[in-house]
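To start, the structure itself, in structure tokens.
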Amino acid sequence: MTTSLPRLLTATGLALALLAPSAAHAQTQTDLPVGEAHGVRLVVDHGGLVLIFSHRSAKLREQINSRYAWMDCTELGEFFSNGFGGNLDVPAHGRRVSTGFDSSNADFCRFFLRSHTIKRHGSRQHVSRRVLFSIPLTQAGAVYLDEESKAGDMFTISLLASLVKQDQKLPGYPSYAQLVQEYPKLTKVVVQLPAPGDSPPPKRIGYFSDGQEHVALAILSASGKRLFIEESAGDVLSTNVSAYLFSYLG
């Protein structure tokens with residue numbers, strides 16, 4: 001579904017680092033992996049959800065051993081989503097970690113360190129919420145997380161393009177050449193689109209700009225769906241990834 005939004009993707013003060021579905025579709029062209037991400041498995045054991053860390057996820061195992069560790073699971077719906085979660089009491093050692101939550105109809109679970117305040121160098125500092133990993137439990141959840149991640153990549157490129165426009169005082173959005181001249185590393189993941197409705201190759205982000213107020217970004221999801229953000233004159237944005245905007249901002 002395409003929605004119109006006020007232009008707000010480019011007005012955030014988010015980090016500039018380059019990142020390294022509407023509720024998900026019931027059918028996908030390719031089955032995506034479920035039950036595991038980044039070397040961490042989430043399984044049902046005696047009716048409860050249990051995390052199992054592999055050797056390659058040792059760093060994540062260390063990071064989640066925190067008083068601020070939190071689990072948030074989501075069951076996707078056609079119009080509304082349901083969820084459950086809470087604080088995780090993670091022991092200091094062991095590859096298997098019981099979450100303390102029963103199995104349910106969740107489509108995916110997200111694990112993060114909630115925002116908190118620490119005392120450093122004699123002053124109190126705020127630490128923002130930090131997502132460690134997300135694990136899909138169904139195909140719907142896998143599609144959602146894949147599209148969410150790719151939408152975040154496009155939001156980041158949109159922000160970078162806006163910064164180039166502002167810094168160079170351009171009359172409109174920068175051309176592809178101007179964008180990659182300012183951020184040369186983008187050439188590894190961003191390609192130029194000849195026309196705003198075109199699609200990029202897999203695993204690449206397509207960028208189009210007419211040098212004025214018409215700009216478009218596109219990317220293919222793992223299941224082959226074209227995700228896009230397109231803005232034209234009138235400060236109106238057309239997109240099919242608006243559902244992921246708050247995930248990006250959060």
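What pairs come out if I take residues in the range 200-217 that are in the same structural domain as Val180 (by TED's automatic domain parsing) and pair them with residues that are acidic (Asp, Glu) whose C-beta lies under 6 Å away, six or more apart or interchain?
Note: pairs meeting the criteria are Ile205/Asp153; Val215/Glu231; Ala216/Glu230.
Within the range 96-130, can you find the residues that are in contact with a helix residue (DSSP H, G or I) (Cβ under 8 Å, 6 or more places away or on another chain) and β-branched (Val, Ile, Thr)?
The one that is in contact with a helix residue (DSSP H, G or I) (Cβ under 8 Å, 6 or more places away or on another chain) and β-branched (Val, Ile, Thr): Val97.
Looking only at the range 192-212, count every residue that is under 19 Å from Gly172 (Cα atoms) and within 20 Å of the chain's Cα centre (by Cα) and tell me the total.
Here the count works out to 2.
If Met154 meets every condition in (1) out of contact with any Leu (no Cβ under 6 Å at 6 or more places or on another chain); (2) closer than 30 Å to Asp210 by Cα apart from one, which number is that one?
(1)
One line per residue, one yes/no per condition, for (1) surrounded by 14 or more Cβ atoms within 10 Å (Cβ to Cβ); (2) out of contact with any Ser or Thr (no Cβ under 6 Å at 6 or more places or on another chain); (3) part of a loop (DSSP other than H, G, I, E, B):
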{"residue": "Tyr173", "(1), (2), (3)": "yes, no, yes"}
{"residue": "Gln178", "(1), (2), (3)": "yes, yes, no"}
{"residue": "Leu186", "(1), (2), (3)": "yes, yes, no"}
{"residue": "Pro194", "(1), (2), (3)": "no, yes, yes"}
{"residue": "Pro200", "(1), (2), (3)": "yes, yes, yes"}
{"residue": "Gly206", "(1), (2), (3)": "yes, yes, no"}
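I'm trying to understand the selection: among the residues of the range 127-168, which are among the acidic types (Asp, Glu) and either in contact with a strand residue (DSSP E or B) (Cβ under 7 Å, 6 or more places away or on another chain) or over 15 Å from Phe246 (Cβ atoms) (or both)?
Scanning the range 127-168 gives Asp146, Glu147, Asp153, Asp167.
Identify the residue in the range 75-100 that is part of a loop (DSSP other than H, G, I, E, B) and of a type in the set (Asp, Glu) and, among all such residues, is farthest from Leu145 (Cα to Cα).
Of everything passing the filter in the range 75-100, Asp89 is farthest from Leu145 (Cα to Cα).
I want to confirm something. Restricting to the range 219-235 and keeping residues that are more than 13 Å from Ser199 (Cα to Cα) and in contact with a helix residue (DSSP H, G or I) (Cβ under 9 Å, 6 or more places away or on another chain), which single residue is surrounded by the fewest Cβ atoms within 10 Å (Cβ to Cβ)?
Ser223
Inspect the range 152-169 for any residue being part of a loop (DSSP other than H, G, I, E, B) and not acidic (Asp, Glu) and give the result as yes or no.
Yes; the residues of the range 152-169 include at least one that is part of a loop (DSSP other than H, G, I, E, B) and not acidic (Asp, Glu).
Any chance you could count how many residues in the range 101-114 are under 22 Å from the mean Cα position of the chain (by Cα) and either of a type in the set (D, E, K, R) or in a strand (DSSP E or B) (or both)?
8
Could you please let me know if Gln125 is farther than 19 Å from Leu42 by Cα and of a type outside the set (Lys, Arg)?
yes
Taking Asp167 and the conditions (1) farther than 25 Å from Leu32 by Cβ; (2) in contact with a His (Cβ under 9 Å, 6 or more places away or on another chain), which numbered condition does it fall short on, given that it satisfies the others?
Here Asp167 clears every test but (2).
The values are calculated or read from the model by the stated rules, or taken from the named source; none is laboratory data. Because the structure is predicted, anything quoted here is derived from the model rather than measured. Quick reminder, even Gly has a Cβ in these numbers, built from the backbone with ideal geometry, and neighbours come from all protein chains shown.
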